[in-house]
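Each remark here refers to the structure printed beneath this line.
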Ligand SMILES: [Zn+2]
């Protein structure tokens, strides 16, 4: 471990909006820094949806390539960059899932993070917040009734519509709709109580 | 929050998760156009849905992923056409030819069209688009933009550095994945810094009133 990952001096201190401005100006180092910061979670999300590391790699490559090309069109004042980033990763992963008919992973449970994976993250202040959010969302998910967690995961990680979920579970559409709503609202309240929303 | 919004909240939650079929999503968009309360709720639910990305166990990506990204970045950039499926690319090519035809017949040297990427905004995060500018004429190509609700249209806006907006005209999408529309480009176009598309009542508005569906940076 005597060879720490190469860090671009200064870039790790810039927030996402500042990095995006530099990326819009064609700064490759800024893109590398943004990737170091968010690439691991983007990859993990794509992998969770697809269950296939190779397709997940293509999805993440595609998303960061889009960021390189379109960084100037992102308006930081309108929403957080991570909201946009993970929505993009999720959409493209779900597209890939539908297109390639990749079998989605079966597991619903949230597995514990490996120490190795956590240590691979760059030392950025923003990561402390990500860690906290990660812990809080796992706790919130674990606190949801199983039936609510299940519909939420089918909607978010499989990209199914409420109708598809209802069909799959053999439940009335109204039940699925209200479970989705309750689950999302509980997560929201849980995170808001912990001050994890701006 | 009144009872009507309360009833609607289930729809908003499903909408924020992308779990509504297109026709129901369109009904939500119609409501959002006139309801800041529900727009706020959707924004909160979206942020919440995003937090689910943090529930996933971290798996380190293969190191070659970053290497591939940086290698691609260092290559000279090609066109901006990656996302366009073959069908839409053909439509665009045909329209560009149509636009360029007067130039060709006038045997003037053809100026390369300028292509400005547009990104989905809050009311249509999955939509994408391109503004194609050639010889003062504008074409808007959209992808994934839902049919606007009855009585509403999309309106194009050019924004100057003082945040003043001038309309680039209105259009209605058809139930197709792609759409191509002409845009009225202001004569002093180089002064404008951004472009946006919003949902507005039929006939258009003097200034934007509805939620944004597309946006892009001009310079
Ligand atoms: Zn409302």
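The values are calculated or read from the model by the stated rules, or taken from the named source; none is laboratory data. Model, not experiment: these values are computed from the prediction. Because the Cβ atoms are built from the backbone with ideal geometry, glycine has one as well, and the counts that use them run over all protein chains shown.
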Study note, to complete from the structure: Filtering segment B:129-149 down to residues that are at negative phi and without any contact (Cβ under 8 Å) to a residue 60 or more places away in the chain yields B:130, B:132, B:133, B:134, B:137, B:138, B:139, B:140, B:141
Practice item. Identify all residues within segment A:141-177 that are at the interface with another protein chain (Cβ under 8 Å from one of its Cβ atoms) and under 15 Å from residue A:189 (Cα atoms); write none if there are none. Key: A:141
Practice item. Look through segment A:85-102, keep the residues that are surrounded by fewer than 19 Cβ atoms within 10 Å (Cβ to Cβ) and farther than 14 Å from residue A:47 by Cα, and return whichever of them is modelled with the highest pLDDT. Key: A:98
Check your understanding: So which pairs qualify, if the first residue must be in segment A:162-173 and closer than 17 Å to residue B:25 by Cα, the second must be part of a helix (DSSP H, G or I), the Cβ gap must be under 6 Å, and the two must be at least 6 apart or on different chains?
Key -> A:162/A:176; A:162/A:177; A:162/B:14; A:165/A:151; A:165/A:154; A:165/A:176; A:173/A:166
Review point. If we only count helices (runs of 4 or more DSSP H) wholly inside segment B:21-74, which ones have 3 or more residues that are within 16 Å of the ligand (Cβ to nearest atom) and facing chain A (nearest Cβ under 10 Å)?
Key: B:36-51
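Suppose we filter segment A:166-190 for residues that are under 16 Å from residue B:48 (Cβ atoms) and in contact with a helix residue (DSSP H, G or I) (Cβ under 6 Å, 6 or more places away or on another chain); how many remain?
Here the count works out to 9.
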Study note, to complete from the structure: Filtering strands (runs of 3 or more DSSP E) wholly in segment B:111-217 for at least 3 residues that are under 13 Å from the mean Cα position of the chain (by Cα) and closer than 30 Å to residue B:21 by Cβ gives B:114-120, B:128-134, B:137-143, B:152-159, B:178-183, B:194-201, B:212-217
